[in-house]
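See structure below.
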Amino acid sequence: FVYLVWKHLNLPDPTPLQYSICDYLQNGPKRSIVMAFRGCGKSWITSAYVVWELLLDPSKNILVVSASKNRADDFSTFVLRLIQEMPVLQHLKPNENQRFSKLSFDVGPAGASHAPSVKSLGITSQLTGSRADIIICDDIEVANNAATQGMRDKLSEQVKETDAIIKP
């Protein structure tokens, strides 16, 4: 699937490292961390992974959390654009009676649910009340929120909130 996404975006073929990240996202442990050098495409690959998960099961709810709300919104906007632009994903476009914004949106085949198909939040946002099958934490630790031990402790507590959000 990532090959199709890369072709749609007019990118070169995915590298062996990028395929390795794809395999790890698909087959790795339920709770995992992808660590790789800057610029290798971790966020782009993970965006493609989110679309792939929705393609396989449109009833899934996915929460995207980043250090800033803006960064999380950019992630979900990219996911939504892939759905809107790729012919193979046209059936996933939100219907006129569904949520349809870069903050949260539903995919066409999804049934009614309190939780949107994709929702974006900043790590310091009100996470409580959200529910998700998959939580993507993309670049949640940055210099602005991890400069001191106290800030790192606070961030650690915020990350622990995902345990209450993830569906069993």
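The values are calculated or read from the model by the stated rules, or taken from the named source; none is laboratory data. For clarity, every value in this text was computed on a predicted model and none was experimentally measured. Note that each Cβ is placed from the backbone with ideal geometry, even for glycine, and that neighbours are counted across all protein chains shown. For accessibility, only protein heavy atoms count, side chains too; no ligands or nucleic acids. Shrake-Rupley method; radii C 1.70, N 1.55, O 1.52, S 1.80 Å.
Exactly one of (1) open to solvent by 60 Å² or more (accessible area, probe 1.4 Å); (2) at pLDDT below 90; (3) not basic (Lys, Arg) is unmet by GLN90. Its number?
(2)
Could we say that ARG152 is within 22 Å of MET35 (Cα to Cα), among the basic types (Lys, Arg), open to solvent by 70 Å² or more (accessible area, probe 1.4 Å) and touching a helix residue (DSSP H, G or I) at 6+ places or on another chain (Cβ under 7 Å) here?
Yes, satisfied.
Of the conditions (1) in a loop (DSSP other than H, G, I, E, B); (2) in contact (Cβ under 8 Å) with a residue 40 or more places away in the chain; (3) touching a helix residue (DSSP H, G or I) at 6+ places or on another chain (Cβ under 8 Å); (4) open to solvent by 20 Å² or more (accessible area, probe 1.4 Å), SER130 fails just one. Which one is it?
(4)
Quick check on my filter: what residues within the stretch 92-116 are in contact (Cβ under 8 Å) with a residue 12 or more places away in the chain, farther than 23 Å from VAL159 by Cβ, in contact with a helix residue (DSSP H, G or I) (Cβ under 9 Å, 6 or more places away or on another chain) and not β-branched (Val, Ile, Thr)?
Of everything in the stretch 92-116, those that are in contact (Cβ under 8 Å) with a residue 12 or more places away in the chain, farther than 23 Å from VAL159 by Cβ, in contact with a helix residue (DSSP H, G or I) (Cβ under 9 Å, 6 or more places away or on another chain) and not β-branched (Val, Ile, Thr) turn out to be LEU92, LYS93, PRO94, LYS102, PHE105, GLY108, PRO109, ALA110.
Return the only residue of SER76, SER66 being in contact (Cβ under 8 Å) with a residue 60 or more places away in the chain and small (Gly, Ala, Ser).
SER66
In the set LYS42, LYS69, which member is at pLDDT 90 or above and either under 21 Å from ASP139 (Cα atoms) or touching a helix residue (DSSP H, G or I) at 6+ places or on another chain (Cβ under 7 Å) (or both)? Quick ask: steps written out before the conclusion?
Numbers: LYS69 fails: at pLDDT 90 or above.
It is LYS42.
Filter the stretch 99-122 down to the residues that are open to solvent by 70 Å² or more (accessible area, probe 1.4 Å) and more than 21 Å from ASP74 (Cβ to Cβ), then identify the one that is farthest from the chain's Cα centre (by Cα).
First pass over the stretch 99-122, keeping only residues open to solvent by 70 Å² or more (accessible area, probe 1.4 Å): 99-100, 102-103, 112, 114.
Right, trim to more than 21 Å from ASP74 (Cβ to Cβ) and you get 112, 114.
Values: ALA112: 20, HIS114: 18 Å.
Checking each candidate, the answer is ALA112.
Looking at (1) within 25 Å of LEU4 (Cα to Cα); (2) part of a loop (DSSP other than H, G, I, E, B); (3) not hydrophobic (A, V, I, L, M, F, W, C), which is the only condition ASP73 fails?
In the conditions (1) within 25 Å of LEU4 (Cα to Cα); (2) part of a loop (DSSP other than H, G, I, E, B); (3) not hydrophobic (A, V, I, L, M, F, W, C), ASP73 misses (2) alone.
Looking at the stretch 50-97 only, could you name the residues that are of a type in the set (Phe, Trp, Tyr) and touching a strand residue (DSSP E or B) at 6+ places or on another chain (Cβ under 8 Å)?
PHE75
Any residue that is surrounded by 15 or more Cβ atoms within 10 Å (Cβ to Cβ) and in contact with a strand residue (DSSP E or B) (Cβ under 7 Å, 6 or more places away or on another chain) - is there at least one of those in the stretch 139-146?
Taking the stretch 139-146 as the starting set, the residues that turn out to be surrounded by 15 or more Cβ atoms within 10 Å (Cβ to Cβ) are 139-141, 145-146.
Of the ones still in play, those that are also in contact with a strand residue (DSSP E or B) (Cβ under 7 Å, 6 or more places away or on another chain) are 139-140.
Yes, the conditions are met somewhere in the stretch 139-146.
Any residue that is of a type outside the set (Asp, Glu) and outside any loop (DSSP other than H, G, I, E, B) - is there at least one of those in the stretch 106-115? Working first, answer last.
Keep residues of the stretch 106-115 that are of a type outside the set (Asp, Glu), which gives 107-115.
Narrowing the set further to residues that are outside any loop (DSSP other than H, G, I, E, B) leaves none.
No, the conditions are met nowhere in the stretch 106-115.
Can you tell me which condition GLN158 does not meet? The list is (1) open to solvent by 20 Å² or more (accessible area, probe 1.4 Å); (2) in a loop (DSSP other than H, G, I, E, B); (3) among the polar types (S, T, N, Q), and all the others hold.
Failed condition: (2).
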